[in-house]
Amino acid sequence: MRYAVLGTGIVGRTIAAKLASLGHEVVIGTRDPKATLSRTEPDGYGNPPFAEWLGFHDRIRLETFADAAAFGETLVNTTAGDGSLQALETAGAANLAGKVLIDIANPLDFSQGMPPSLNPVNTDSLGEQIQRAFPETKVVKTLNTMNSQIMVQPSRVAGEHTVFVSGDDAGAKQAVTDVLISFGWPESSVIDLGDISTARGVEMLLPIWLRLWGAVGHADFNFHIAGA
Ligand code: NAP
């Protein structure tokens, strides 16, 4: 399968590396490949410069958002939440049409400092905004409620724990569930919450996730819905 992972941060890198390790063809999308490759400083979260990471992943290519999206049969949104709509518009509606878009982004708003708030929230969600903006695309929200390492290696957390899927298209959600199973998720861990409006709930888990991160002191934890 050909995948386009839109986003060069730790989530995009982690998902892209996992997909490539499973034998898929993977292109990562960015605003300006030359600018991204010329960065020499760690990013805002302390991750090494993208070019350094790419040097260890010679099967993965870096392209513009549009070229990556044109290449991918399945797309993954791993851009910053406040830039996701812009990134996808740059990718081009025609390059997104008819395809499954796995949306991992969270609409975190850092404008008032830490901890971030959510925008949109409560009566809308980023998942819904993306689905409305690209009606020909099958948006499936998933994996946004955990640290990136756990997304592709759920065994980092002992015992049973949960990954949610939200989306309007049943076939797309099944296809994404199959991707999750290939990442190591037991099918019994996947909870289908319903249509894309249920993305509101999983995006609103972020404030409690962030507080748990502080309370627990590490990010190797996840939500488990007991009795599901
Ligand atoms: P990030 O720093 O949040 O986002 C980096 C990406 O966003 C880059 O590709 C950047 O483009 C793009 N971007 C930023 N502003 C943009 C704009 N105005 N227009 C277009 N593109 C823009 O990366 P991350 O930490 O990997 O997180 C990715 C997403 O996953 C976020 O939405 C985050 O909330 C969510 N998430 C993160 C984690 C985690 O473990 N970190 C867990 C769950 C969900 P360039 O490549 O051009 O710089």
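The values are calculated or read from the model by the stated rules, or taken from the named source; none is laboratory data. The model shown is predicted, which means the values in this text are computed figures rather than measured ones. Every residue, glycine among them, receives a Cβ derived from its backbone with ideal geometry; neighbour counts consider all protein chains shown. Heavy atoms of the whole protein, side chains included, go into the accessibility calculation; ligands, DNA and RNA do not. Shrake-Rupley method; radii C 1.70, N 1.55, O 1.52, S 1.80 Å.
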Would you compute, from DSSP H runs of 4+ residues alone, the mean residue ellipticity of the chain at 222 nm, taking -39500 (n - 2.57) per run and dividing by the full residue count, rounded to the nearest 500? -9500 deg cm²/dmol
So with the 1.4 Å probe, I'd like the accessible area per residue for the chain, rounded to whole Å². 47
Quick one: grab the alpha carbon gyration tensor of the stretch 2-216, order the square roots of its eigenvalues as a ≥ b ≥ c, and give me rounded if a/c is under 1.5, else prolate or oblate depending on whether a/b is larger than b/c. rounded
Of all accessible surface on the stretch 2-216 at a 1.4 Å probe, what whole percent is carbon and sulfur? 52
What FRET efficiency comes out for the pair Val121/Arg211, r = Cβ-Cβ distance, R0 = 22 Å, nearest 0.05? 0.90
Both in Å, the radius of gyration and Dmax of the C-alpha trace of the stretch 1-94 are 12.1, 35
How much net charge surrounds Val26 when only other residues with a Cβ under 13 Å from its Cβ are counted (Lys, Arg +1; Asp, Glu -1)? +1
Residue of Thr142, Thr40, Thr79 that the Gaussian network model of the chain assigns the largest fluctuation, springs spanning Cα pairs under 10 Å: Thr40
